[in-house]
Each structure stands twice: as structure tokens, then as C-alpha cells.
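One structure is given below, encoded as C-alpha cells.
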Amino acid sequence: MTTHDAKQMTTSFQPRRPRRNRQSAAIREMVQETRLHVSDFIFPVFVMEGAGQRTEVASMPGIFRYSPDLLLDEIGRCLDLGITTFDLFPNLPEAKKDKYATESQNTEGLYLQTIQRIKAKYPEACIMTDVAMDPYSSDGHDGLVDDGQILNDETLEILSKMAVAQAQAGADMLGPSDMMDGRVGYMRQALDNAGHKNVAIMSYTAKYASAFYGPFRDALDSAPKFGDKKTYQMNPANRREALIEAELDTAEGADILMVKPALAYLDIISLLRQNSQLPIAAYNVSGEYAMIKAAAQNGWLDGERAMMESLMAIKRAGADVILTYFAKEAAQLLANA
Ligand code: PBG
């Protein structure tokens, strides 16, 4: 094609020109379909024993385990940025773990005490908890192990006691991340019987057996001591099965449905969004955070842009709520925008 021919073509009549809506920042912003806001984010935080201490998670640069006193300071800083909801996870010494996750019900223990301290200092903060045995289990599994098997119904009893203890400590929203069958309904009943009718449940509805949880297990020292989690977490190959889980969680009384991980599962987020009237959350997990941080540290991509693009994509796919280790950084960027 000669230059002359190209000129001829550009003057030909073209009524539809999508680029007109991209020509300036003003127009681009006006027609933007999805917007991130700090209220979209839940910040997962790690608490450990001690005082005046914090340690960085090696595989999650910028993310720390805090002793309770320093965690309070961190939460204060996040509240100032407009982050209102925190998902709390405990890192426990091996000596406090046992087969039955007994420590999860210790009202004087690290986790329940920390919930109380946060709610006492910041009653306006929304505290989400994790309901699963793995941080407290000597087996490193989310359920009770017997002879190499994960027992479903026996686990429900332990989880519901954990749930009631967390509600008692002041938790606002519980996050069952264990994937046992029937746990949402079982917990709901236990909570209501104990008088905690207004404590909400954000169910890990479609939680996949994913390689992207690696850095989180480093953060908590909670990797399974044998085997994997494939008999309870979902097969990454499955999509329809997410609808079965969503139906069950909804019938059992879940208030919010979650998909986890997020970035490799945008189709599942979209599927649940289209098939449910409940709010949909997505967990942008530790491995997804680590990938972007590692590449950015190597100078291989622009970390801030990759972060914002990922969060935007999760929201565009249909997530109303995003649990993300980027919450603080993204909130800072949004505040300065
Ligand atoms: C376990 C739990 C996991 C995460 C949240 N709760 C890991 C697992 O199932 O092994 C992962 C979160 C992350 O990777 O950021 N109950």
C-alpha cells in the first residue's frame, strides 16, 4: 500500500470510531465503566505473639506479621486511609498447635484476645475472622485428620465452636475458609443459638486447591504436614461445581459469597455474579501478590500499574469486594489520585 492509498482510506466515511471516546483524559474518565474505591477493599492482616515486634513475610515483600500492639497501630493507619475491614489471621508457634485446634477456642489466646483489643480500640473497624483449623492444627489441615482422612462432620463441631468464640470476642463477620460440606448452615445455627444473630458470614464459596496460597502458608507456618487439600478444596478445572457450592452456601445462610483465588478465576467471579443476588467477594491471594511484587522488584514490570490493573480486572469481572494484600498501597494511590 502506498502512502497515497493510505490517505485515501483514512478519509473514507466511518460512522463508528471507538477511539473518539479515548481521545482525552476527560473523555476517558467520563466513559469509564469500572472504578476502584477504597471501600472495595478488605485488608488481610497477620498477628503473631509478642510485643513491639514485626517481621516481614519473606515471600510477601511489604507484608508483615505484627505483635498485637503494633497491629493496632497498623490498623489505625489503615483506618486513616479509609480501609474499614480487616481479615485477621494468626501465626502460632508449633507448640500451641494440636490435632483438635484447641487453641482456636482459647479466650485468653492470641487470636481471640487480638479481636477484642482491636474492637475495644476501634469499634468502627469491621473485623472479619478466619474459620478453619489450619493455623491451629498440628496436621496443617483445615479439618480434623483421622488416619490420613479429613473428617467432615466431626470438623463442623470444632468450626462452629470456633465461630461462636470469635463472635463472642467481637468479630463482625466470619470467613469459613475450610470447605467442609454444610459448614455455613452448621455455623449459622450455632451462632444464632448463642445469640449472635447479627454476626455475618462471608463464605469461601468457590475456594480452589491452588498453588497460589504458598506465601500465605509461609506467613502462618501452616502448610499441610502431609498430602494436599484436594479432598476439600475445589479442582481448578471445574466451573459448574462453583454454582453448586454457591447454591448450598446461599441456602445455608451465607451473607456474601467469595471466590478464591481471584486473578486466575475471573470467569468464576463473573459466573457467580450472574447467578446470585448476594454480594460477591474475591480473594486476591498471597501468590498473586508475590508474583507482581517479585516482577516489580526485578524491574520486569511496573508494580503499581500491574497492581491497579489487577484490582480493576477483579472488580470488572463482578467482584463487589476484594480481599487484597495491596489494600493499603492501592488506598494510598487512590487517595493521591
Ligand atoms: C486456610 C486459608 C488459606 C488462605 C486463607 N485461608 C490457605 C489454604 O487454604 O491453604 C490463603 C490466603 C492467601 O493465599 O492469601 N484456611
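Details
- Beyond 22 Å in Cα-Cα separation lie the following of the pairs K161/K328; K97/K197; K260/K328; K97/K229; K121/K207: K161/K328; K97/K197; K121/K207.
- Per-residue Cβ neighbour counts within 10 Å put S210, S222, S104, S12 in the sequence S12, S210, S222, S104, beginning with the fewest.
- Global size of the chain: 22.0, 82 Å for Rg and Dmax (C-alpha atoms, Rg to one decimal, Dmax whole).
- Sequence of M30, M312 once ranked by neighbouring C-beta atoms within 10 Å, starting from the fewest: M30, M312
- More than 24 Å apart - percent of Cα-Cα pairs taken over the range 184-337: 40
- Listed from fewest to most Cβ neighbours within 10 Å, the set C78, C126 follows the order C126, C78.
- Length-normalised contact order of the range 35-336 in % [C-alpha pairs under 8 Å, at least 6 apart]: 19
- In the chain, excluding the sites themselves, the longest stretch lacking any of the trypsin sites (Lys or Arg not before Pro) that are in a DSSP loop with at most 14 other Cβ atoms within 10 Å is 240-337.
- Computed extension length for A251-E154: 32.8 nm, one decimal, from 0.36 nm per residue of separation with the Cα-Cα distance subtracted.
- Note: relative contact order over the range 218-298, using C-alpha pairs below 8 Å and six or more positions apart, is 25 percent.
- For the chain, calculated [θ]222 nm from helices alone, where every DSSP H run of n ≥ 4 adds -39500 (n - 2.57): -12000 deg cm²/dmol
- Relative contact order computed over the range 110-235 (Cα-Cα under 8 Å; 6+ residues apart), in percent: 28
- Gain in span if fully extended, T107 to F226, counting 0.36 nm per residue against the direct Cα distance: 39.9 nm
Any read-out appearing in this document is the output of simple, stated calculations on the displayed coordinates, not a laboratory observation. As the structure is a computational prediction, the values presented were derived from the model and not from experiment. Note: ideal-geometry Cβ built from the backbone for every residue, glycine included; neighbour counts use all protein chains shown.
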